[in-house]
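Note sheet for the following structure.
The values are calculated or read from the model by the stated rules, or taken from the named source; none is laboratory data. Given the structure is predicted, the values throughout are model-derived calculations rather than measurements. Cβ coordinates were reconstructed from backbone atoms using ideal geometry, including for glycine residues, and neighbour counts include every protein chain displayed.
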Amino acid sequence: MLNDPYLAGLEARSIYIIREAYWRYRDKLAVLWSMGKDSTAMLHLVRKSFLGSVSIPVLHIDTTYKFPEIYRFRDRFVKKWRLDLIIAKNDEAIKSGMSPAKGRLDCCHALKTEALKQAIARHGFKALLLAIRRDEHSIRAKERYFSPRDADFRWNYHEQPLEMGEQSFQGRGEGQDHLRIHPMLHWREIDIWRYIKAEKIPINPLYFAKGGKRYRSIGCACCCEPVESSANTIEKVIKELESTKIAERAGRTQDKEREYMMQKLRSLGYM
Amino acid sequence: MYNFLNIVFAGEVDSGKSTLLGRLLYDTDSVSIQAKEELKKVCDGLGRQVMEYAYLLDSFQEERAEEFTLDTTQAFVRAKGKEFLLIDVPGHKELLKNMLTGASCADAAVLVIDASRSVEEQTKRHLFILKFLGIEGVLVVVNKMDLAAYKEEAFLKIKSECDGLAKTVGIKANGIIPVSAREGENLLKGSPKMAWHRGPSLLEVLGAFKSEESAFSDLRFPVQDIYTAGKEPVVVGSIASGSVGASDILRAVPSGVELKVKAIRVLSGNRRSASAPEAVGLLFQRLPKEIKRGEILYKGAVPPVSSQIRAKIFCLKPFAEGDPGLILSCSTQEVPASLDSIVSRMDTSSLETRYGGECLAACDAAEVILRTGAPVVAEKYLSLPSLGRFILLKDAQPVAIGFAC
């Protein structure tokens, strides 16, 4: 059991949300896993929610531009946790040579959002668990735990549903293509690391400093830069986060290409 | 331990809630270098002559261009060894749903009032909602003192209006202080421009806020779902209060059945005991068929169960006596309901009470009698909010929030 009552509270709220999602959607629910720290912590919470097994499909949106370490990590834990892994790839866009050189917004949209659209259509998913957090980005801070998307994947942020704490009343409405469910919304970056430490959750070595640099947020290899750091253990990462003034996603180039990039991407259905 | 308070900043449109929050974030250095750089860039891009601290919260393009808050947001502040989660909410009457979403997460509140105006409609309504949500610790902040030339008279005028309002609403204000968010006066430390104010600064007051621990200690375990482990059924849920032991005898409401715990299951195997707020799985010697989602397992005092509830509600949409298709949702319980009668209703813009009538309008607060299609468990709201608060839905949309009284 967690000794830290604060982390215990964060965990209980997330598990409650995951179980609500499963109650409402059963086999129409999937969990998105990018093998990063947040979605790996979420996968751990999914395992806890279902008391050991992962009863829902695990979806990896593969842009083919990920780090080799990420693919290795994926394949190792797919076996260990006996995951029902679905790899979503926009083959057509990849074949026609889509890359960040053609514009980052277009690339993110084609290889992530479109790939997700295809996977949802193919498997008939009605709800997805995603590990976004409020403190990552001020646009994500505006999200709800349960957030409906229409057939065009649009996020209608002008008309977001009522939520009371972790109680949501969304998901029965018409005109909704699928529901985005965000069980980690209330976690901070430092909470994720404290939880990884407390629960001994396996984590990708890319997060630890090598040669004076480490990745704080991991996306595609071509679009993310490591930050200066000497934190080569979990303890040192936590120590670093206690005082850093550098934004978590400072190394993520797609956020910075133009103003309101995150809002544009998200309103088009980006994670 | 880093357990901290969630504080909502409520108040009228344009009273400067987002600016106040943004300034607190900025001055306490709780935002990243990149966020500060982006703020500067956006202000320059929009041709703003001054730093628009509100943009740290108002992140949507339209919020910044039109200078209003569309939806609630949250941000963490770290200062003087304390941490807070600050919640911004919109002031517009049309956006009350978003205000409630934000305020429902709060332990304490700041009510922001413009020093150059007076106590207006949304100030009254927001204060009423804070009281309705059970948030007793409300600090009044008289903002924009720069527009009132930092004069004590302006502050005293608002203060006397607030004293009257607090009395009408029945809430004990937790102090009142003057600030200027835009100029950063009296936020982190006292302001020489307002030497007449001898009290502490905003941050000092917030730092002294304390959250109240619930005194409720009996086990309440709302059944969320039933899974299977191996071939055995496992009852899953989050412990709302109290604790459960590995050989406890529990009872369930509304069904009234008795159950003997065989094991408490978590990821890593079985546990001897578990307590709130943990999410666990319970295995029983024998699981009666009555146990399903919505049953409340308990120890100690029998929870109140009824299919006729006298309740206090706040309306988001109009509805009327006899309207078909209402659903009452409380914790994991969900039952058909109907509005039996209206005891009294209050217009929350004027705070005037009326009696009788058959219809409720949006923004009405009312005391009503509800009938439910099956018995419902509702605890006293203030002792156990998660099992005391309910929502009324009509055509899958929330029409009111409320609690049993």
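Observations
- Top-ranked residue of segment B:61-93 - restricted to ones that are among the hydroxyl-bearing types (S, T, Y) and at the interface with chain A (Cβ under 9 Å from one of its Cβ atoms), ranked as surrounded by the most Cβ atoms within 10 Å (Cβ to Cβ): B:T73
- Just one of the listed residues (B:L165, B:L206) is assigned to a helix (DSSP H, G or I), in contact with a Lys or Arg (Cβ under 7 Å, 6 or more places away or on another chain) and within 27 Å of B:R125 (Cα to Cα), and it is B:L165.
- One residue from A:I17, A:I70 being under 26 Å from A:Y207 (Cα atoms), in the same structural domain as A:R154 (by TED's automatic domain parsing), among the aliphatic types (A, V, I, L, M) and buried (at least 17 other Cβ atoms within 10 Å of the Cβ): A:I70
- Checking B:K144, B:K97 one by one, the residue that is in the same structural domain as B:G16 (by TED's automatic domain parsing) and surrounded by fewer than 24 Cβ atoms within 10 Å (Cβ to Cβ) is B:K97 and no other.
- Elements of the type helices (runs of 4 or more DSSP H) sitting completely within segment A:1-104 and holding at least 3 residues that are within 14 Å of another protein chain (Cβ to nearest Cβ): these cover A:5-25, A:37-49.
- Identity of the residue in segment A:232-255, closer than 21 Å to A:H44 by Cβ and free of Cβ contacts under 8 Å to residues at least 40 places away in the same chain, that ends up farthest from the other protein chains (Cβ to nearest Cβ): A:T233
- Out of B:L25, B:L39, one residue alone is in the same structural domain as B:S59 (by TED's automatic domain parsing) and in contact (Cβ under 8 Å) with a residue 60 or more places away in the chain. It is B:L25.
- Enumeration of residues in segment A:131-151 that are surrounded by fewer than 22 Cβ atoms within 10 Å (Cβ to Cβ) and more than 14 Å from chain B (Cβ to nearest Cβ): A:R149, A:D150, A:A151
- Unique residue being assigned to a strand (DSSP E or B), over 31 Å from the mean Cα position of the chain (by Cα) and within 14 Å of chain A (Cβ to nearest Cβ) when the list is B:L259, B:L283: B:L283
- Condition broken by A:E189, with the remaining ones in (1) within 17 Å of the chain's Cα centre (by Cα); (2) closer than 25 Å to B:I129 by Cβ satisfied: (2)
- Being under 28 Å from the mean Cα position of the chain (by Cα) and either assigned by TED's automatic domain parsing to the domain that holds B:G388 or of a type in the set (A, V, I, L, M) (or both) is a property that B:A229 lacks.
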